[in-house]
Structure formats: structure tokens, C-alpha cells
1. Identify, by number, the condition in (1) touching a Gly at 6+ places or on another chain (Cβ under 9 Å); (2) in contact (Cβ under 8 Å) with a residue 40 or more places away in the chain that D206 doesn't meet.
2. In this structure, does R214 turn out to be over 16 Å from the mean Cα position of the chain (by Cα), of a type outside the set (F, W, Y) and either crowded, with 19+ Cβ neighbours inside 10 Å or more than 27 Å from G336 (Cβ to Cβ) (or both)?
3. Given the conditions (1) closer than 29 Å to F168 by Cα; (2) part of a helix (DSSP H, G or I); (3) not charged (D, E, K, R), which single one is not true for P277?
4. Is there any pair linking a residue in region 302-329 that is under 16 Å from A115 (Cα atoms) to one that is assigned to a loop (DSSP other than H, G, I, E, B) and of a type in the set (S, T, Y), with Cβ under 7 Å and at least six apart or on different chains, and which?
5. Would you mind finding the one in L268, L245 that is within 17 Å of N388 (Cα to Cα), at pLDDT 95 or above and surrounded by fewer than 22 Cβ atoms within 10 Å (Cβ to Cβ)?
6. Can you list the strands (runs of 3 or more DSSP E) lying wholly within region 145-247 that have 1 or more residues being farther than 26 Å from F97 by Cβ?
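The values are calculated or read from the model by the stated rules, or taken from the named source; none is laboratory data. Given the structure is predicted, the values throughout are model-derived calculations rather than measurements. Every residue, glycine as well, gets a Cβ built from its backbone with ideal geometry; the counts of neighbours run over all protein chains shown.
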Amino acid sequence: MALAEALLERIEKLNPKLNCFNLVDGKGALAAARASEARWKKGAPEGLLDGVPVSIKDLLLTKGWPTLRGSKTVDPKGPWNDDAPCVARLREHHAVFLGKTTTPEFGWKGVTDSALTGITRNPWDPSKTPGGSSGGGAAAVASGMGPLTVGTDGGGSIRIPCAFTGLFGLKPSFGRVPAWPLSPFGTVAHVGPMARSVADAALMLDVLSLPDARDWHALPFDARDYRIGLEDGVRGLRIAYSPDLGYAKVDKEIAALVKQAAAAFETLGAHVEQADPGFEDAGPLFSAHWFPGAAYVVGNIPEAKRKLVDPGLLEVAREGAKYGVREIQDAALARGALGVQMAQFHQKYDLLLTPALPLAAFEAGMEMADVMKQRRWTDWTPFSYPFNLTQQPACSVPCGLTKAGLPAGLQIVGPKYADALVLRAARAYESTRAFGMPSL
């Protein structure tokens, strides 16, 4: 009860500055905390997260709360009668719901701002973006407005904000965490945990990965505890370190921090070898999946309401509408080939290390870090979306601060379905360094 009260006070203090929450249910959170406290006093807690505060990204259906998806086109009246699978599992395990966190409109870009909710800011430097599209949840957890949040990741939307805000975030293997309804951006979109530690995320994954019959794409349920084996280390693992995937441009300061992180795995007993996966720039291939998804989103909005839509989303939708059936089918086949190539790569290497992002957080309210060199958010996120295409598990773990005091992230990518291995490697690295919180 005291924790919920303290967090609500912190939200009241910091949310006006950072704009992480677009809905806060203080009354509901206190009632849930009070009920949890009563169970604990009786020595009979129920579920793995009984009484643990959590926030929900405003793309995920939450019964009784509007899910506006960062858009003025969604009617807040609802009805709102359903929980998404991940929300339902958290509720069943008696997590305390604090509120809904901000997202760009329909989660379309790698930063977090919208006409509906305004600009969300980075707690390490409020003039900077926390990234996106799960930027509201990341900024909330990084600033101490709750220990856990649920994010979605269709092209980096968990890993991008975790890298920019100094958190751990996991994009699980596709289908590991059931989703319903499926993202309009299709089978590149994942749901996963974001937390201040790997252990907290592993515990959260135990709950989020429980089965739900509404997800036709879900993996067969694996009744494992992701906390077991978390401390087994990386000794003897074969790890590839790719500083740039063979084609990406990386800020020198970020590159140095990631190189140091890769060297730490050698100290931990792994066999680390610099090696690129060998695929070409995946940006055009990702665009062939993402942009038609944007066209589908906008196409479902009544014409009269489209003037309310983010102009950037409208631009991407127009580009997406240009893709024909042949081009989309070619992209699907190329995606399959990329997945096979990475599966073969992992015959030699257990894990792949890369930067999570090639740069530190930039100005809030901007889609691009450099409007002269970049056209869309995908131009500065080359390390994240390839592994949405391949549906592999991938995480971002903090690996240091720039001279300006902004976090950098190390990405750890595992073979498809090797979520436990990615968590284990992240925990091994996390054990080598302490990482603090921003002072606010």
C-alpha cells in the first residue's frame, strides 16, 4: 500500500515534466494495493506479481480504461470490455495497474509524441526524446514511476527506448507472449517486458508468456520459469560481435561503449569473435512490411477524421499504399531468406552482440536526429528492425553513459526461441556493472 502511494505521489510530481502517463488510475491502484496487502498479511499472496505496480502501453487493451493508441481518431467512449492477453495475465497475477503510458499514434515511429498526448521526455535530459514507441513506459520506469511496464516492439519499440533511458528490455521470440488483437503492422510486432533489471524482466516474462487462446500465432506454451538458470553465466558460449552489421554508421562514443561491453563477455569466459551476420541493409525490406501496415492503419480511419492523424504517419501510409501485390510477396520471400540466413549464422554462434542504437538520445519532438541525412525514424534504427523481420529474441541492456550523461545500450540477439539464453547473457553482463537512475 505504501509503495503504491509513494509511486502515485511521484507520478503526480514528475509526470507533468516528462509526460509518461496519459491515464493514471490512483483510486484503482490504491484499491488493488490494499487488497494485495490484505492477502500478504494473511500469508496468502496470489500470483507471481501480487501487489507489484505496473504500467501498460496505450496500444494494449485494458478493461475499463480507454485504449486510445495515441490518436485523436479513437473514440474514448469505447466500450472497453477486454484485456489484451498480457494485461489479462498481469491482472490474474494481481499486479497493481498504475495507468496507461504514452505512445506515438498507433506506435508508428521510434520516438514518443502525438497530437493527442504531446511530447514525452527523457528523464536523463528532458530536452531529449526517450525513444519510442514504448517511450512513455520507458521514461516512467527510468524515472522511478513504477518498477515494471509492458511494451510492444514492431521495429525496436522496446529496445529503442530502453537504450535511450538506461533500462533492460526484451523483445521475445515472436509468439512467446500472446497478442490480441494482432498489431496492424503484422507479424513483425512483439510484446515484452521492460524493467530496471534482467531478473525483474524474467519474472515478468513468466507471467506475460502464459497461454491465451485468442492468439492464432502464439507459440506452444512452454511452462518454464525464466528465472531458473539466469545466473548460469556465458562461459564457453560462442558469441559474435558486430559493431555495425557491416553497413551501419555508429557514433564513435557509442561504438566505444559497445566495444567495451563486448570485451566484458570475454572476461566472463565466452569466446567472442568479431563477425557480421552477412546480410545487406535490411531497411528497404523492413519498409516493405512496415509502410503497407501504416497504409492499412490509415485506410481504416474514416476520411473525415484523417485530418487529425500525425502528418508523418500519413506520409508513410501514402508510401505504403504504393506497394503492389508482387512487391509485398517478394518482400515476404526475402524475409524468409533473411530468417534462414540468421538461423544458419547461429549454427556457428550462440549469440550476436551489436549496438542497440547507433546514437544517443536526441531532441524531443523530432522524428529524426538529423533531418539533413535521415528521411524517417528507420534511418537511425538499423540494429533493431532486422530482428523483428527474423522474429528472434533480442534485448537492450545498459552499457554505459556518454560524456553528456546519456545512456547507451548493448543489443544481445539469440537464435529463434532462445529467450532464456538471451536473458542469461544479459544477466551475466549486468552483473559486471552497476547502472544508476537519473537525478530528478
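1. Of the numbered conditions (1) touching a Gly at 6+ places or on another chain (Cβ under 9 Å); (2) in contact (Cβ under 8 Å) with a residue 40 or more places away in the chain, the odd one out for D206 is (1).
2. no
3. Checking P277 against (1) closer than 29 Å to F168 by Cα; (2) part of a helix (DSSP H, G or I); (3) not charged (D, E, K, R), the one that fails is (2).
4. K305/T73; L308/T73; V309/T73
5. Values: L268 fails: within 17 Å of N388 (Cα to Cα).
L245 is the lone residue from the list that is within 17 Å of N388 (Cα to Cα), at pLDDT 95 or above and surrounded by fewer than 22 Cβ atoms within 10 Å (Cβ to Cβ).
6. By residue number, 238-241.
Residues checked against (1) out of contact with any helix residue (DSSP H, G or I) (no Cβ under 6 Å at 6 or more places or on another chain); (2) buried (at least 20 other Cβ atoms within 10 Å of the Cβ):
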site: K322; (1), (2): yes, no
site: A369; (1), (2): no, yes
site: M372; (1), (2): yes, no
site: P382; (1), (2): yes, yes
site: S396; (1), (2): no, yes
site: L401; (1), (2): yes, no
site: G405; (1), (2): yes, no
site: A408; (1), (2): no, yes
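A quick yes/no check of all residues on (1) at pLDDT below 95; (2) aliphatic (A, V, I, L, M); (3) within 17 Å of K259 (Cα to Cα):
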site	(1), (2), (3)
Q341	no, no, no
A356	no, yes, yes
M368	no, yes, no
V371	yes, yes, no
W377	no, no, no
W380	no, no, no
F383	no, no, yes
